[in-house]
Amino acid sequence: MKALLLLSLTSLALATSPCPPGAFLSVFKEKCFQPVNLQTDFRNAQKICTMFGGNLASVTNKYDNYLLTDKSSGTYWIGGAIDDKDEWKWTNGQVWNYTNWAEKEPKNQPNYCVKVIKSGGNPLTGDQKWASANCEQWAYFACETKPDYVPTVACPEGYHCFEDYAYAEFVPEKNFTDAEAHCQSLGGHLPSIHSAEEEAFFESIVNHTVLIGARFLPHGNDLDWTDGTKMNFIKWRPGNPVTRNQDTCVFVAWYNDAGWGTSSCREAWPFSCKIPLSKFQL
């Protein structure tokens, strides 16, 4: 057990960038999350996290909740526990201002802590929900640590930046063809999304349901990005895609738990553009 623990957590002690190898930045870049592929009880999990300068993860928004669930091996402990006043608290003392309880939760009982459910099903219909459970049960767990530094990007005014790209949202509605033409006039394309991290970032910056750059190819079920990049990530909402033909384009829903939906490419929507940062260099 000790050897396995050291093997699984060595990465926490070998930080060479903002986060240790195997860890990743939270959406708002204020902490590093490290899912741990071992099972133990809540208190031992917290002890392990503190050994490496952190705590069990405090999850304070839906985007980090989605990211952690996507990266974790199974149902896992986070740092929420009930205190002797029947109030839920984070082990790191952070303000308790976000929850994602499953139906009929929480059970406000002594010695109960928070697990995040990962059932292997559609994350929009079951995964990511929180359950209260006896702290002595065993589960995987997720630690958080402070990043060594906060990456900064010279982001153009009016844009939001992720890695090497700038994103902007446009409220005047356009159909898919006209929206893509507008993005190309700015040096970019309708957004392509390639990871859970990019999806969570994108959902955090838009204020409307917006078109992205995915469309179905003629005579098949395959999706294609307008920027020509590989289709290696999908996040359908339940019941989608509704249709699969050359007039089917994709939007990211802003309401409820977000995710992707489909509509006619001729229908007008708000849209976003994804532009390489190199396009802004003089």
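The values are calculated or read from the model by the stated rules, or taken from the named source; none is laboratory data. Here the structure is a predicted model, which means the values were calculated and not measured. Glycine also receives a Cβ, built like all others from the backbone with ideal geometry; neighbour counts cover every protein chain displayed.
Within segment 40-57, the residues that satisfy the criterion of being crowded, with 22+ Cβ neighbours inside 10 Å and either free of Cβ contacts under 8 Å to residues at least 40 places away in the same chain or within 19 Å of Ala133 (Cα to Cα) (or both) are Phe42, Ala45, Gln46, Leu56, Ala57.
Considering each of Ile78, Ile82 in turn, give the residue that is buried (at least 19 other Cβ atoms within 10 Å of the Cβ) and within 18 Å of Trp138 (Cβ to Cβ).
Numbers: Ile82 fails: within 18 Å of Trp138 (Cβ to Cβ).
The conditions single out Ile78.
For segment 59-75, the tally of residues that are of a type outside the set (A, V, I, L, M, F, W, C) and farther than 16 Å from Thr99 by Cβ stands at 6. Spot the failing condition for Thr243; the list is (1) surrounded by 18 or more Cβ atoms within 10 Å (Cβ to Cβ); (2) farther than 25 Å from Tyr63 by Cβ; (3) among the hydroxyl-bearing types (Ser, Thr, Tyr), and only one is missed. It fails just one condition, (1). Checked across segment 215-223, the condition of being among the hydrophobic types (A, V, I, L, M, F, W, C) and at pLDDT 95 or above holds for no residue. In segment 239-250, is there at least one residue being more than 25 Å from Leu186 (Cα to Cα), in a loop (DSSP other than H, G, I, E, B) and within 18 Å of the chain's Cα centre (by Cα)? Checked against the condition, which is being more than 25 Å from Leu186 (Cα to Cα), in a loop (DSSP other than H, G, I, E, B) and within 18 Å of the chain's Cα centre (by Cα), segment 239-250 yields no hits at all.
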